[in-house]
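Engineer: Just passing along the structure, written as structure tokens.
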Amino acid sequence: MGPTNANYNGTSRTARSEFISEVTGEVGVGVSGQLKVKASAAVVEIEQEYGVQLSVKLTAKLGNKIAVDTPSKYTTHAKYGVYRLKTAGYNQYVYANCTKGTKTNATLYTPARVGWYIWETK
């Protein structure tokens, strides 16, 4: 969500880089393929299966700040937003006579956290 920001430190010393988020937005569950249950039910199953904390929707807010040290001659990059967990699987009915229906693939993108992603390049 929002642009990737960058700050190059061309000095011979470590410099402080400050980044401020430029967007506000809400991100919900995304589905690719066919999902035969409500997204909220799928989120509960994923949390239990993998031991993670997820949400049905999260909000990133304008004005969130972070300050980090940028080493000499490096560029610090920063991206703020909602980060999602990708879970791929399939749906398949099992009928009363124990036969199975056709498999349909589904991928779920579930909001996991709001925050900064920071990395450096030389």
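None of the figures in this text is laboratory data; all of them are computed from the coordinates on show. In this text, all values refer to a predicted model and were calculated from it rather than measured experimentally. Every residue, glycine among them, receives a Cβ derived from its backbone with ideal geometry; neighbour counts consider all protein chains shown.
Engineer: Tyr74 is checked against (1) out of contact with any Lys or Arg (no Cβ under 7 Å at 6 or more places or on another chain); (2) in contact (Cβ under 8 Å) with a residue 60 or more places away in the chain and fails just one. What number does that condition carry?
Structural biologist: That leaves (1) as the condition not met.
Engineer: If a residue has to be assigned to a loop (DSSP other than H, G, I, E, B) and either under 15 Å from Ala88 (Cβ atoms) or in contact (Cβ under 8 Å) with a residue 24 or more places away in the chain (or both) to count, how many in the stretch 39-52 make the cut?
Structural biologist: 1
Engineer: Can you pull out the residues in the stretch 92-107 that are on the phi < 0 side of the Ramachandran plot, surrounded by fewer than 10 Cβ atoms within 10 Å (Cβ to Cβ) and not small (Gly, Ala, Ser)?
Structural biologist: Scanning the stretch 92-107 gives Val94, Tyr95, Asn97, Thr99, Lys100, Thr102.
Engineer: If I go through the stretch 39-59 residue by residue, how many of them are touching a helix residue (DSSP H, G or I) at 6+ places or on another chain (Cβ under 9 Å) and loosely packed, with under 15 Cβ neighbours inside 10 Å?
Structural biologist: The number of residues fulfilling the criteria is 3.
Engineer: While we're on this one: Out of all the residues in the stretch 4-38, which are loosely packed, with under 13 Cβ neighbours inside 10 Å, within 26 Å of Ala60 (Cβ to Cβ) and in contact (Cβ under 8 Å) with a residue 24 or more places away in the chain?
Structural biologist: Across the stretch 4-38, the qualifying residues are Thr4, Arg16, Glu18, Glu26, Ser32.
Engineer: Here's another thing I want to ask about it. Are any of the residues in the stretch 71-84 out of contact with any Gly (no Cβ under 9 Å at 6 or more places or on another chain), of a type in the set (S, T, N, Q) and within 30 Å of Asn7 (Cβ to Cβ)?
Structural biologist: The answer is yes; a qualifying residue exists.
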